[in-house]
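Chemist: First, the structure itself, so that you have it in front of you.
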Amino acid sequence: MTAADVTLSQACGQAEDTVLAVEGLSIGFGSSPVDLVDDVSFRVGRGRTLAIVGESGCGKSITSLALMGLLPSPPARIAHRSARFLGRDPLTLGQRAFADLRGDRMAMIFQEPMTSLNPVFTVGQQIIEGVLRHKDVGWNEARARAVAMLARVRIAGAERRLGAYPHELSGGMRQRVMIAMALVNQPDLLIADEPTTALDVTIQAQILSLIEELQATTGTAVLLITHDLGVVAETAHDVIVMYAGRVVESGPVEALFSDPQHPYTIGLMGAMPSMGRREGRLLSIPGAVPPPSRFPAGCRFATRCPFADDRCHAQKPPMVEAGPGHAVRCWKAPLEEYLPS
Amino acid sequence: MTPLSRPIIETVGLEKHFHLPAGPFRPAATLRAVDGIDLAVREGETLALVGESGCGKSTLGRMLVGLLDPSGGDVVYRGRNLAAFTRPELRSLRRELQIIFQDPFSSLNPRMLVSDIVGEPLWLHEGLGRRARGERVAELLSLVGLSPEHGERYPHEFSGGQRQRIGIARALACGPKVIVGDEPVSALDISVQAQIVNLLEDLKERLGLTLIVVAHGLGVIRHMSDRVAVMYLGEIVEMAETDALFDSPLHPYSRALLAANPRAVAGDRRPRRLLEGEVPSPTAPPSGCRFHTRCPHAQAICAESRPRLAPAGTAPRQVACHFWAEIAEGEVAHLPSPVRPPALTRRLALFSESSNAHLRHEE
Ligand SMILES: Nc1ncnc2c1ncn2[C@@H]1O[C@H](COP(=O)(O)OP(=O)(O)OP(=O)(O)O)[C@@H](O)[C@H]1O
Ligand SMILES: Nc1ncnc2c1ncn2[C@@H]1O[C@H](COP(=O)(O)OP(=O)(O)OP(=O)(O)O)[C@@H](O)[C@H]1O
Ligand SMILES: [Mg+2]
Ligand SMILES: [Mg+2]
């Protein structure tokens with residue numbers, strides 16, 4: 001097989017005004033020799049949304065924390081070939097310079113709101129502080145922006161809620177407060193780690209519309225981490241699928257949904273509960289991800305893949321082209337060619 | 001589930017009002033988080049609570065398992081008022097009534113090893129020896145798709161979904177009778193989600209567990225619950241068998257909720273159906289029907305008189321709306337189910353065939 005190793009930056013759409021580009025990001029912890037994130041590359045353009053989906057524990061959050069300069073190192077070991085955010089390499093910035101970017105040009109919505117909200121300050125103080133820290137405005141203006149933003153994320157009685165402490169809010173309200181904090185300074189890049197998991201679908205729809213509106217008016221690039229394939233289908237332009245720290249498939253959203261290639265992607269799509277009447281058990285991919293110490297030398301999905309053979313266990317497959325902008329890391333793609341039908 | 005099984009938990013006029021003291025930005029006020037809920041949870045069923053963020057689901061769930069005291073009304077467990085239990089009785093009740101918390105991280109003690117977090121209830125309630133406890137913990141961890149060696153790590157070393165599974169393992173530790181799962185699978189990718197949902201269903205079969213799930217993922221709800229209670233601003237506005245609700249939601253809020261569900265169809269950029277209007281504040285809920293400020297069908301009476309949760313039609317179904325019958329006669333808000341793309345269907349078939357062959361081979 002002639003497998004041209006397509007680089008992901010080619011796969012993830014052309015360089016139309018790139019906001020963030022990363023090549024060869026790897027992350028490990030402590031003394032363990034295994035990289036929990038292994039050679040990950042991607043690119044997000046102005047006004048575009050790139051979704052990252054993948055198995056729980058596959059490295060989505062640590063990837064985004066590393067890009068935000070928020071992964072303490074040590075214990076983390078972070079290596080990369082290159083990275084560009086608005087013309088600079090964020091991964092080589094010092095702590096101070098990073099702190100200036102964060103919350104201003106790049107902002108993050110964290111997976112667990114309680115870990116990023118400070119329990120001893122009111123939500124008003126926290127949002128206002130974020131504006132004052134980065135923008136040249138007075139307190140009254142900062143407060144006005146905070147109220148306006150809280151109202152835009154559909155917090156009822158925004159004025160009054162400025163004085164609320166995080167523990168007085170419901171799970172979804174905390175998530176929305178964090179979204180307000182991330183959006184209030186109109187960042188160039190928004191990393192959203194499961195931004196709407198704690199939200200019911202009506203508020204989710206409003207928040208997604210708000211993010212799209214912001215993208216249209218200010219050109220914010222969005223890196224969206226979610227396991228809700230419905231949200232991916234509705235909002236993402238491009239998708240990367242990760243498994244055990246590696247990108248296994250990437251491409252335009254239509255290609256991934258209509259022509260999924262990697263066995264993990266296929267299993268994932270099959271696990272989606274249909275909205276129709278209940279029909280027996282949900283399909284799931286048998287087994288679990290092995291602990292990193294037992295990752296196979298070859299394809300990391302080999303231990304659970306029904307199609308895996310000796311080569312899959314022994315040799316790491318390269319990323320190969322599966323269609324325009326669509327790439328897959330599997331020795332057996334497309335599956336039909338390798339199997340008797 | 002048998003439809004006639006007796007209620008295991010009942011609530012009567014259940015309320016939780018929080019008193020908000022005056023602060024720098026605000027005068028004192030009362031927040032009606034849960035406001036008059038009558039509910040009967042049947043033994044062995046799976047009851048789903050759905051509703052807008054902030055409508056009181058977690059607060060209700062915590063009162064159901066006795067973790068939060070009501071400010072009004074009662075919770076009755078197996079015919080006995082929770083308020084009448086003594087402290088030691090309450091403690092032993094804890095093992096029967098378990099909760100999986102919504103925010104996995106803040107509910108796990110950061111200084112404890114995961115094996116101790118999962119094993120703690122065993123030690124508190126069962127007095128198991130060290131060895132037996134270790135085995136049980138390993139078994140619980142693998143039930144939720146983690147490996148025993150994960151036990152020797154601290155919560156911060158886990159991903160969001162892994163932490164959620166630690167919470168689930170802990171809740172399952174000492175044979176609960178009722179589990180309130182507050183977004184129990186929200187942080188999991190759909191394949192692990194499917195595994196956990198299947199696991200909970202197996203446990204229900206085997207142990208006769210009663211499940212109360214709070215969830216936003218409507219696909220999961222449709223799949224796993226027998227009945228659904230739809231909440232809005234501290235009240236139940238509709239209560240129905242799952243299929244009946246999904247096939248024909250009666251309350252205007254239920255209809256808006258189902259219409260907003262994203263469909264997994266790539267490039268489906270139809271304009272979202274947004275629920276219009278300001279979310280009212282639970283410190284000053286609207287008069288009459290609380291949904292009238294955002295309801296497309298509202299009429300004058302809706303602002304004046306509060307509709308009661310009452311039987312709707314012949315089915316065992318209740319709705320709190322003055323005009324549900326008229327609305328139901330109008331248009332049906334149905335979305336066609338998405339069609340699976342042919343390439344996916346083909347490869348999924350290969351996937352299942354090979355998985356089965358693979359399993360047979362291993363046996
Ligand atoms: N501080 C740490 N020390 C050691 N291992 C860690 C640490 N933080 C994360 N990990 C491990 O790194 C892997 C990736 O974690 P990450 O949080 O990025 O997963 P994720 O893809 O975001 O998963 P989820 O969807 O469940 O949130 C996991 O296996 C996790 O156990
Ligand atoms: N300790 C508290 N003090 C004051 N108000 C509170 C407290 N706990 C909850 N509330 C308020 O009660 C209301 C209901 O909160 P609850 O957490 O039950 O909502 P929920 O339905 O679970 O929402 P979500 O889906 O966002 O988790 C909210 O307005 C919240 O701000
Ligand atoms: Mg994560
Ligand atoms: Mg909640």
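Any read-out appearing in this document is the output of simple, stated calculations on the displayed coordinates, not a laboratory observation. Keep in mind it's a predicted model, so treat the numbers as computed, not measured. Here the Cβ positions follow ideal geometry from the backbone for every residue, glycine too, while neighbour counts run over all protein chains shown.
Chemist: How many nm separate the modelled label positions at residue B:299 and residue B:28, each set 7 Å beyond the Cα in the direction of the Cβ?
Modeler: Distance between label points: 4.2 nm.
Chemist: Compute the relative contact order of region A:112-186 as a whole-number percentage, counting only Cα pairs closer than 8 Å that sit 6 or more residues apart in sequence.
Modeler: 45 percent
Chemist: Output the relative contact order of chain B, whole-number percent, from Cα pairs under 8 angstrom with separation of 6+ residues.
Modeler: In percent, rounded to a whole number, it is 17.
Chemist: Next question. Treat each spin label as a single point 7 Å out from the Cα along the C-beta direction, and report the residue A:121 to residue B:339 distance in nm.
Modeler: Result: 5.4 nm between the two label points.
Chemist: Please sort by residue number the trypsin sites (Lys or Arg not before Pro) in region B:1-93 whose DSSP state is loop and whose Cβ has at most 15 other Cβ atoms within 10 Å.
Modeler: Passing both the DSSP loop test and the Cβ count: B:78.
Chemist: What does the net charge come to around residue A:262 if you take all other residues with beta carbon closer than 13 Å to its beta carbon, with K and R at +1 and D and E at -1?
Modeler: That works out to +3.
Chemist: Follow-up question, since we're still on this one. Count the lysine pairs in the protein assembly as shown whose Cα atoms sit under 23 Å apart, keeping only pairs 8 or more residues apart in sequence or on different chains.
Modeler: Value for the protein assembly as shown: 6.
Chemist: If you add up the charges near residue B:324, with Lys and Arg at +1 and Asp and Glu at -1, over every other residue whose beta carbon is less than 11 angstrom from its beta carbon, what do you get?
Modeler: Net of charged neighbours comes to -1.
Chemist: Label region A:30-100 by shape, choosing from rounded, prolate and oblate, from the square roots a ≥ b ≥ c of the eigenvalues of the Cα gyration tensor; if a/c is under 1.5 it is rounded, and otherwise prolate applies when a/b is larger than b/c, oblate when it is not.
Modeler: Oblate is the answer for region A:30-100, as a/c is 1.5 or above yet b/c matches or exceeds a/b.
Chemist: Cut-off 10 angstrom, C-alpha nodes, Gaussian network model of chain B. Which of B:256, B:171, B:300 fluctuates the most?
Modeler: B:300
Chemist: So, one more: Of the DSSP beta bridges with both residues in chain B, give the percent that are antiparallel, rounding to the nearest 5.
Modeler: Rounded to the nearest five, the antiparallel share is 60 percent.
Chemist: Hey, another quick one. So which DSSP H runs in chain A come out at 15 Å plus along the axis (Cα) with average Kyte-Doolittle of at least 0.0?
Modeler: For chain A, where a helix must reach 15 Å along its axis and average at least 0.0, the hits are A:123-134, A:171-183, A:201-218.
Chemist: Taking the Cβ of residue A:145 as the centre, find all other residues whose Cβ is under 11 Å away and add up their charges (Lys, Arg: +1; Asp, Glu: -1).
Modeler: +2
Chemist: With the cut-off at 1.5 for a/c, could you classify region A:159-232 from its C-alpha gyration tensor as rounded, prolate or oblate?
Modeler: oblate
Chemist: Would you mind giving the mean number of other chain beta-carbons within 10 Å of the Cβ of each residue in B:100-107, as a whole number?
Modeler: Per residue, the average neighbour count from other chains is 4.
Chemist: Given charges of +1 on the Cβ of Lys and Arg and -1 on the Cβ of Asp and Glu, with all other atoms neutral, how large is the dipole of chain B about its Cα centre, in debye to the nearest 20?
Modeler: It works out to roughly 440 debye.
Chemist: Moving on. Mean separation of Cα pairs under 8 Å and 6+ residues apart, divided by the residue count of chain A: what relative contact order is that in percent?
Modeler: Over chain A, the number comes to 22 percent.
Chemist: Sticking with this structure for a sec: Looking only at B:72, B:313, B:160, which one moves most when chain B is put into a Gaussian network model with springs between Cα atoms under 10 Å?
Modeler: Ranking B:72, B:313, B:160 by mean-square fluctuation puts B:313 first.
Chemist: Of the candidates A:90, A:187, A:74, which one comes out as most mobile in a Gaussian network treatment of chain A with C-alpha springs shorter than 10 Å?
Modeler: A:74
Chemist: May I pose another question? Roughly speaking, what is the centre-to-centre gap between region A:87-158 and region B:133-189 when only Cα atoms are used, to the nearest Å?
Modeler: Region A:87-158 and region B:133-189 have Cα centres separated by 33 Å.
Chemist: For residue A:81 and residue A:93, compute 0.36 nm times the residue count separating them, minus their Cα-Cα distance, and round to one decimal in nm.
Modeler: Contour length minus Cα-Cα distance gives 2.8 nm.
Chemist: Sort B:90, A:199 by Cβ crowding within 10 Å, fewest neighbours at the top.
Modeler: The most exposed by this proxy come first: B:90, A:199.
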